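Engineer: Just dropping this structure here.
The values are calculated or read from the model by the stated rules, or taken from the named source; none is laboratory data. Given the structure is predicted, the values throughout are model-derived calculations rather than measurements. Don't worry about glycine lacking a Cβ; one is built from the backbone with ideal geometry, like all the others, and counts go over all protein chains shown.
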Amino acid sequence: MPRRLLSYFAAVVAFVAMTGTVLAQQHTVETIEGPDVASYQHPYGAKINWHQVARSNADFAIVKATEGGWYRNPWFNADYNGARSAGLVRGSYHFAEPAYPIIDSARRQARFFVSHLGDVQTRSTLPPALDLETTGGLGRGALVTWAQTFLLQVRWLTGRTPLIYTYPSFWQSAIGDPAALARYPLWMAAYHGNQPDPSATLWQYTAGAHVDGIHGAVDMSRFLGASEVWDQLRDGTVATPWPAQAPGAPNHVYATSGDGQLAVGWLPGDTGSSAIARYRVTATPVDGTPAVTMSVGGTTTSATVPGLTNGTPYVVTVAASNGQGFGVDSDPIAAVTPLVPTQLTVGGPTETSYGDDARVAVRLVRPDRNTGLAGQPLTVESDVDDGSDAGWQPYQTVTTNDNGWVVLHPRALQHNMDLRFTFTGPQGWHAARTIVHVIVRNQITAQLSKARVHPGRLVTLTGRIGPAVGGIDVWTQTYYKGAWHDAGSKTTTAPDGTYSFSWTPTTRGTKLIRTVVSWFDGRARGFSATQKLIVK
């Protein structure tokens, strides 16, 4: 088999051996590479000349066999057998379409794939490969379980430990659980100078290779590892170790608190030598009282542990079981405390004008039941934007009504202010806090000298701001195309807070006009009532 020599300065890379153990090996001093092909490489029925491919220094070829549970590559047999007859090591892959139900879907696609391969326990034959590039709408835990189920089924049907193909961002984000698939050699696509995952066994380094005998551009992959590992990978007559093993520890365990319960989630660990049958979730109280344990099926990656004591911290672990029994527990996460959930919600935006009263409504609820909590005390603090920088100051203590509401009426406001509501709750209840921003707008009035005028006649627009302060910017806006737009007219107020605009309209039509006073002295800008001018 032709192999091109590389530099003798071999890099050290990590790869997944057929046993599933990650070993440190020297990169071989020989390049072992080859294309992977599908029906795209047969434009208008063109055939691949596999003897030309072999003479171009390719060592292997991987052929798409199937997709989902419905598609078979019509060129599979010709390419799969043609590559071998030309002296190339041959391989096959299945393009996955993950779906629910997890077990039925994964096993059905695995059987469909294997049914088109023939005997793969032969020389010069790579293990079958799962091409996993789409989630099918499955979450991370379900997707990992789907992939494990497919790979285990292929292993059981063929006696070969299959490869898994993917690309870096999918491997890191959509899957994000390398330990769960570590027993399967990784074939990874990484282009444009990017490197594959350090554990990769095969590296698809380009999608634009040109190979004699193949029409158009084609994917090209390179083996990463030592020659003896390649010899094992390409020879289906060599048995792959698959000792009976219990599952590994689940990964990325987390828990969130509820009323007398914890919602727990995780990602699968290594399945061991067979599929995970169930998970055991254990919540152990830190006070030494007995732990609470529950079991869920092997295709789920979440559970709700009930019967816990509010206010007591619990440490959570998860373990998986297969035909060999339970494996080791996951690493314990930081203690999580069940609490009655509470939340403070604000009843709409709050704003008023200078010197006017405001209305502030806040409701204390249980979000898990969407019900108000009656008769509960709330402390309220205020922070007024009056330039004093006094910070939060005590305002008052209030009690929620029968529906969980409290309503405050801050009087004669002259500055923007914030009100901070806090619920501390009894033992075993979650604390809650919210801040309400009360916007106080500067007052401004406006009045047209005439509501109807002829073109060329003078119009004045006058008004006053409150508080009555001189030197404050006031400008006009006009309404069109569904929004207010600055009209370009600007002035400042006289010492008594008055202002005036004058102009001579030249075009006919109806105009909507208002005036705006700028922000000042801890208040928001204000808007006058809309004035309607008809020019005819």
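Engineer: Being closer than 14 Å to residue 233 by Cα and of a type in the set (Ser, Thr, Tyr) is the filter here, so list the residues in region 159-201 that pass it. Quick ask: steps written out before the conclusion?
Structural biologist: First, the residues of region 159-201 that are closer than 14 Å to residue 233 by Cα: 159-164, 183-187, 200-201.
Of everything in region 159-201, those that are closer than 14 Å to residue 233 by Cα and of a type in the set (Ser, Thr, Tyr) turn out to be 161, 184, 201.
Engineer: While we're on this one: Quickly run through region 82-128 and pick out the residues that are surrounded by fewer than 20 Cβ atoms within 10 Å (Cβ to Cβ) and within 20 Å of residue 32 (Cα to Cα).
Structural biologist: 84, 85, 86, 87, 122, 123, 124
Engineer: Additional query: Taking the residues in region 273-319 that are part of a loop (DSSP other than H, G, I, E, B) and among the hydrophobic types (A, V, I, L, M, F, W, C) as candidates, determine which candidate is surrounded by the fewest Cβ atoms within 10 Å (Cβ to Cβ).
Structural biologist: Residues of region 273-319 part of a loop (DSSP other than H, G, I, E, B): 273-277, 286-291, 298-301, 306-313.
Then drop every residue that is not among the hydrophobic types (A, V, I, L, M, F, W, C), which leaves 275-277, 286, 291, 308.
Working: 275: 20, 276: 27, 277: 16, 286: 11, 291: 14, 308: 20.
Step by step, filter region 273-319, then rank; the result is 286.
Engineer: Quickly run through region 192-241 and pick out the residues that are touching a Phe, Trp or Tyr at 6+ places or on another chain (Cβ under 8 Å), small (Gly, Ala, Ser) and under 15 Å from residue 37 (Cβ atoms).
Structural biologist: 207, 213, 216, 221
Engineer: Kindly list the number of the only condition in (1) in contact with an Asp or Glu (Cβ under 9 Å, 6 or more places away or on another chain); (2) assigned to a loop (DSSP other than H, G, I, E, B); (3) within 23 Å of residue 204 (Cβ to Cβ) that fails for residue 117.
Structural biologist: Evaluating residue 117 over (1) in contact with an Asp or Glu (Cβ under 9 Å, 6 or more places away or on another chain); (2) assigned to a loop (DSSP other than H, G, I, E, B); (3) within 23 Å of residue 204 (Cβ to Cβ) leaves (1) as the failure.
Engineer: Do the conditions hold for residue 86, that is, is it out of contact with any strand residue (DSSP E or B) (no Cβ under 6 Å at 6 or more places or on another chain) and more than 19 Å from residue 184 (Cα to Cα)?
Structural biologist: yes
Engineer: While we're looking at this one, here's another question. On the given criteria, is residue 129 in contact with a Phe, Trp or Tyr (Cβ under 6 Å, 6 or more places away or on another chain), farther than 22 Å from residue 300 by Cβ, of a type in the set (A, V, I, L, M, F, W, C) and without any contact (Cβ under 8 Å) to a residue 40 or more places away in the chain?
Structural biologist: no
Engineer: Could you check, for region 41-61, whether at least one of its residues is in contact (Cβ under 8 Å) with a residue 24 or more places away in the chain and under 33 Å from the mean Cα position of the chain (by Cα)?
Structural biologist: no
Engineer: Please verify whether region 354-366 includes one or more residues that are closer than 30 Å to residue 251 by Cβ, of a type in the set (D, E, K, R) and within 30 Å of the chain's Cα centre (by Cα).
Structural biologist: no
Engineer: Within region 126-179, how many residues turn out to be part of a helix (DSSP H, G or I), farther than 19 Å from residue 195 by Cα, in contact with a helix residue (DSSP H, G or I) (Cβ under 9 Å, 6 or more places away or on another chain) and hydrophobic (A, V, I, L, M, F, W, C)?
Structural biologist: 11
Engineer: Let me ask something else about it. Yes or no: residue 114 among the β-branched types (Val, Ile, Thr) and in contact with a strand residue (DSSP E or B) (Cβ under 8 Å, 6 or more places away or on another chain)?
Structural biologist: For residue 114, the condition - among the β-branched types (Val, Ile, Thr) and in contact with a strand residue (DSSP E or B) (Cβ under 8 Å, 6 or more places away or on another chain) - is not met.
Engineer: Please go through (1) surrounded by fewer than 18 Cβ atoms within 10 Å (Cβ to Cβ); (2) touching a residue at least 60 places away in the same chain (Cβ under 8 Å); (3) not β-branched (Val, Ile, Thr) for residue 364 and return the number of the only condition it doesn't satisfy.
Structural biologist: Only one criterion is unmet by residue 364, namely (1).
Engineer: Shifting gears a bit: Just checking, does region 479-498 include any residue being under 14 Å from residue 533 (Cα atoms) and of a type outside the set (A, V, I, L, M)? Explain how you work it out, then say what you get.
Structural biologist: Looking only at region 479-498, we keep the residues that are under 14 Å from residue 533 (Cα atoms), and these are 479-480.
Applying the additional criterion that residues be of a type outside the set (A, V, I, L, M) yields 479-480.
Yes: region 479-498 contains one or more residues that are under 14 Å from residue 533 (Cα atoms) and of a type outside the set (A, V, I, L, M).
Engineer: If I filter region 414-433 down to residues being of a type in the set (A, V, I, L, M, F, W, C) and under 30 Å from residue 468 (Cα atoms), which single residue comes out as surrounded by the most Cβ atoms within 10 Å (Cβ to Cβ)?
Structural biologist: 419
Engineer: Inside region 206-229, can you point out the residues that are over 18 Å from residue 41 (Cα atoms), in contact with a strand residue (DSSP E or B) (Cβ under 6 Å, 6 or more places away or on another chain) and surrounded by fewer than 22 Cβ atoms within 10 Å (Cβ to Cβ)?
Structural biologist: Residues satisfying the conditions are 222, 226.
Engineer: Which is within 38 Å of the chain's Cα centre (by Cα), at pLDDT below 95 and not assigned by TED's automatic domain parsing to the domain that holds residue 530, of 369, 420?
Structural biologist: 369
Engineer: Further question on the same structure: Could you list all residues from region 337-374 that are under 15 Å from residue 419 (Cα atoms), assigned to a loop (DSSP other than H, G, I, E, B) and out of contact with any Phe, Trp or Tyr (no Cβ under 9 Å at 6 or more places or on another chain)?
Structural biologist: Passing the criteria: 348, 349, 357, 358, 359.
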